[in-house]
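Structure first, commentary second.
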Amino acid sequence: MTTTLLRGRLLSFHRAPLSLADSQSYLYEEDGGLLVEDGLITAIGLYADVKAKAAEDTVEIDHRPHLIMPGFIDMHLHFPQMQVIASYAANLLEWLNTYTFPEECRFVESAHADRIATHFYDELIRHGTTTAVAYCSVHKTSADAFFAEAMRRNMRMVGGKVMMDRNAPQGLLDTPEMGYDETRQVISDWHGKGRNHVAITPRFAITSTPAQMEATSALAREFPDLHIQTHLSENHDEIRFTCELYPDAIDYTDIYARYGLLGRKSLFGHCIHLSEREADAMSEAGAVAVHCPTSNLFLGSGLFPLKALARREKPVRIGVATDIGGGSSYSMLRTMDEAYKIQQLLGERLNPLESYYLMTRGNAEALSLADRIGTLEPGTEADLVVLDATATPAMALKMEVVKTLPEELFLLQTMGDDRAIAETYVAGVALKAGLC
Ligand code: GUN
Ligand code: ZN
């Protein structure tokens with residue numbers, strides 16, 4: 001048994017903060033100790049108290065004065081789009097057709113998929129992300145590469161082979177039968193192996209025929225515990241085209257509802273332009289709207305009404321994500337900086353406690369996985385990030401005048417990126433130092 005005692009300033013959320021003054025919503029330990037045994041957190045508290053409980057041969061790592069938090073969770077990104085980032089396009093559909101679909105065709109080659117998988121996990125770890133929810137390409141090879149590398153690094157990952165059978169290049173199309181059969185094969189090969197979760201992944205209604213949506217529906221009925229991920233209401237042209245393809249549906253959300261894809265395990269990327277009816281339907285089903293701020297700004301898709309959706313009488317569950325490669329940064333810190341700015345433009349306030357809650361426990365709850373990840377609670381998995389608010393000279397200078405924890409968090413979010421990640425632990429093992 002390997003036992004490690006981490007010393008540092010500890011921060012973990014109990015629930016969503018109601019305001020910046022809501023100190024009851026989190027645990028903060030100035031001189032904290034976190035005991036990790038065989039990949040699990042077994043004790044948390046004052047360093048001196050936790051040390052007293054630790055066995056004599058415990059390895060001690062001192063991260064003071066850095067902040068130790070649960071590892072970041074990225075709720076939506078595309079594994080085959082690492083080389084799509086920074087592609088110059090007018091809007092979503094042009095970006096998909098010009099750059100994204102051709103690039104994803106390359107993932108039929110397992111050597112390419114394997115190479116990108118290595119880079120993918122390196123970037124997640126470099127940026128302090130310990131769990132991510134990813135779209136692979138339509139090819140089973142891409143899912144195999146994605147899950148094999150997750151197992152090698154012992155990371156808790158969610159991913160799915162994309163199902164798409166129209167409105168894309170031939171090299172990127174399956175059929176309703178193939179999509180169904182290969183998804184079943186991916187489930188049987190990878191779901192529950194290591195820390196892997198397979199998600200049922202119809203790309204979006206534009207690229208699936210009604211017959212493929214039926215097949216997706218069948219998978220959702222056969223595997224009710226699996227997550228379902230797709231895209232919803234990202235861009236006005238996309239919405240218009242989608243509704244033309246499904247003329248019987250009341251609106252975009254109703255398309256997914258008709259195929260039984262609206263539930264508590266359903267993760268909908270974007271959801272920027274939902275009507276009140278759609279937001280009600282999402283809320284009633286307990287489905288999750290996943291906000292991808294850097295992508296929404298980069299593609300000019302729109303301003304996600306995060307605060308308005310969260311405070312509705314029928315609130316919508318919300319997750320946050322990078323959406324690589326429509327998104328422009330792997331960093332959840334950069335992501336929440338852009339989320340903050342979007343709320344500013346909407347005349348709303350997103351306070352730093354809310355941001356850090358969302359990146360950790362909030363996303364874990366949105367995934368129904370908060371009993372395993374997203375907090376520092378004993379019994380949960382020791383996926384951790386160590387944050388250094390003095391990582392750059394400019395940050396260190398600003399830190400000289402920072403007086404409170406929320407101010408430090410806000411500085412990290414506003415100025416931080418991978419340089420502010422001092423260490424990333426996956427199931428108790430320090431992995432960042434192993435990179436570069
Ligand atoms: N909608 C369908 N596919 C995609 C994708 O790859 N990225 C984004 N941002 N939106 C999509
Ligand atoms: Zn996406």
- Task: Answer yes or no: is there a residue in the range 273-286 that is within 16 Å of ligand 2 (Cβ to nearest atom) and closer than 21 Å to residue 364 by Cβ.
- Result: no
- Can you tell me which residues in the range 379-397 are open to solvent by 20 Å² or more (accessible area, probe 1.4 Å), among the hydrophobic types (A, V, I, L, M, F, W, C) and touching a residue at least 24 places away in the same chain (Cβ under 8 Å)? 391
- Query: So which of 91, 97 ends up being closer than 23 Å to residue 269 by Cα, open to solvent by 50 Å² or more (accessible area, probe 1.4 Å) and polar (S, T, N, Q)?
  - Reply: 97
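For (1) part of a loop (DSSP other than H, G, I, E, B); (2) of a type in the set (Val, Ile, Thr); (3) within 16 Å of ligand 2 (Cβ to nearest atom), each residue gets a yes or a no:
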{"residue": "132", "(1), (2), (3)": "no, no, yes"}
{"residue": "148", "(1), (2), (3)": "no, no, no"}
{"residue": "151", "(1), (2), (3)": "no, no, no"}
{"residue": "158", "(1), (2), (3)": "no, yes, yes"}
{"residue": "178", "(1), (2), (3)": "no, no, no"}
{"residue": "187", "(1), (2), (3)": "no, yes, no"}
{"residue": "200", "(1), (2), (3)": "no, yes, yes"}
{"residue": "212", "(1), (2), (3)": "no, no, no"}
{"residue": "215", "(1), (2), (3)": "no, no, no"}
- Residues being of a type outside the set (A, V, I, L, M) and out of contact with any helix residue (DSSP H, G or I) (no Cβ under 7 Å at 6 or more places or on another chain) - total across the range 27-49: 9
- Item | helices (runs of 4 or more DSSP H) wholly inside the range 242-298 containing at least 1 residues that are in contact (Cβ under 8 Å) with a residue 12 or more places away in the chain, within 15 Å of the chain's Cα centre (by Cα) and within 15 Å of ligand 1 (Cβ to nearest atom) | 293-298
- Item | Enumeration of residues in the range 210-229 that are under 24 Å from the mean Cα position of the chain (by Cα) and open to solvent by 70 Å² or more (accessible area, probe 1.4 Å) | 224, 225
- Query: How do the pairs read when you match residues in the range 150-179 that are open to solvent by 40 Å² or more (accessible area, probe 1.4 Å) with residues anywhere that are among the small types (Gly, Ala, Ser), using Cβ under 6 Å and keeping only pairs 6 or more apart or on different chains?
  - Reply: 151/194; 154/427
- Task: Name every residue in the range 334-354 that is open to solvent by less than 10 Å² (accessible area, probe 1.4 Å) and within 23 Å of residue 300 (Cβ to Cβ), in order of residue number.
- Result: 335, 336, 337, 339, 342, 343, 350
- Note on the structure: Residues of the range 1-29 being of a type in the set (D, E, K, R) and under 24 Å from the mean Cα position of the chain (by Cα), in sequence order, are 15
- Could you count how many residues in the range 295-330 are open to solvent by less than 30 Å² (accessible area, probe 1.4 Å), under 16 Å from residue 269 (Cα atoms) and small (Gly, Ala, Ser)? 8
- If residue 113 satisfies every condition in (1) under 30 Å from residue 167 (Cα atoms); (2) open to solvent by 10 Å² or more (accessible area, probe 1.4 Å); (3) without any contact (Cβ under 8 Å) to a residue 60 or more places away in the chain; (4) more than 16 Å from ligand 1 (Cβ to nearest atom) but one, which is the exception? (2)
- Note on the structure: Among the residues of the range 267-292, the number that are of a type in the set (S, T, N, Q) and either buried (at least 19 other Cβ atoms within 10 Å of the Cβ) or touching a strand residue (DSSP E or B) at 6+ places or on another chain (Cβ under 9 Å) (or both) is 1
- Task: Would you point out the residue of the range 134-146, among those that are crowded, with 24+ Cβ neighbours inside 10 Å and part of a helix (DSSP H, G or I), that is farthest from ligand 1 (Cβ to nearest atom)?
- Result: 145
- Give the residue, chosen from 369, 376, that is within 15 Å of residue 11 (Cβ to Cβ) and either surrounded by 24 or more Cβ atoms within 10 Å (Cβ to Cβ) or under 20 Å from the mean Cα position of the chain (by Cα) (or both). 376
- Item | When residues of the range 16-48 are limited to those that are free of Cβ contacts under 8 Å to residues at least 24 places away in the same chain and open to solvent by 90 Å² or more (accessible area, probe 1.4 Å), the one farthest from residue 380 (Cα to Cα) | 18
- Can you name the residue in the range 322-338 that is more than 9 Å from ligand 2 (Cβ to nearest atom) and of a type in the set (Val, Ile, Thr) and, of all such residues, is farthest from residue 95 (Cα to Cα)? 335
- Query: With respect to the numbered conditions (1) crowded, with 17+ Cβ neighbours inside 10 Å; (2) within 16 Å of ligand 1 (Cβ to nearest atom); (3) among the small types (Gly, Ala, Ser), which one is the sole condition not fulfilled by residue 86?
  - Reply: (1)
- Looking at (1) buried (at least 17 other Cβ atoms within 10 Å of the Cβ); (2) touching a strand residue (DSSP E or B) at 6+ places or on another chain (Cβ under 9 Å), find the lone condition where residue 2 falls short. (1)
- Pairs under 8 Å by beta carbon, first residue touching a residue at least 12 places away in the same chain (Cβ under 8 Å) in the range 409-422, partner assigned to a strand (DSSP E or B) and open to solvent by 10 Å² or more (accessible area, probe 1.4 Å), six or more apart or different chains? 422/63; 422/66
- Please indicate, with yes or no, whether at least one residue in the range 230-238 is in a helix (DSSP H, G or I), within 16 Å of ligand 1 (Cβ to nearest atom), open to solvent by 20 Å² or more (accessible area, probe 1.4 Å) and over 27 Å from residue 352 (Cβ atoms). yes
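The values are calculated or read from the model by the stated rules, or taken from the named source; none is laboratory data. The structure presented is a predicted model; accordingly, all values stated were derived computationally and were not measured. Here the Cβ is made from the backbone with ideal geometry for all residues, glycine too, and neighbour counts use every protein chain on show. Keep in mind that these areas ignore ligands, DNA and RNA; they rest on the heavy atoms of the full protein, side chains included. Shrake-Rupley method; radii C 1.70, N 1.55, O 1.52, S 1.80 Å.
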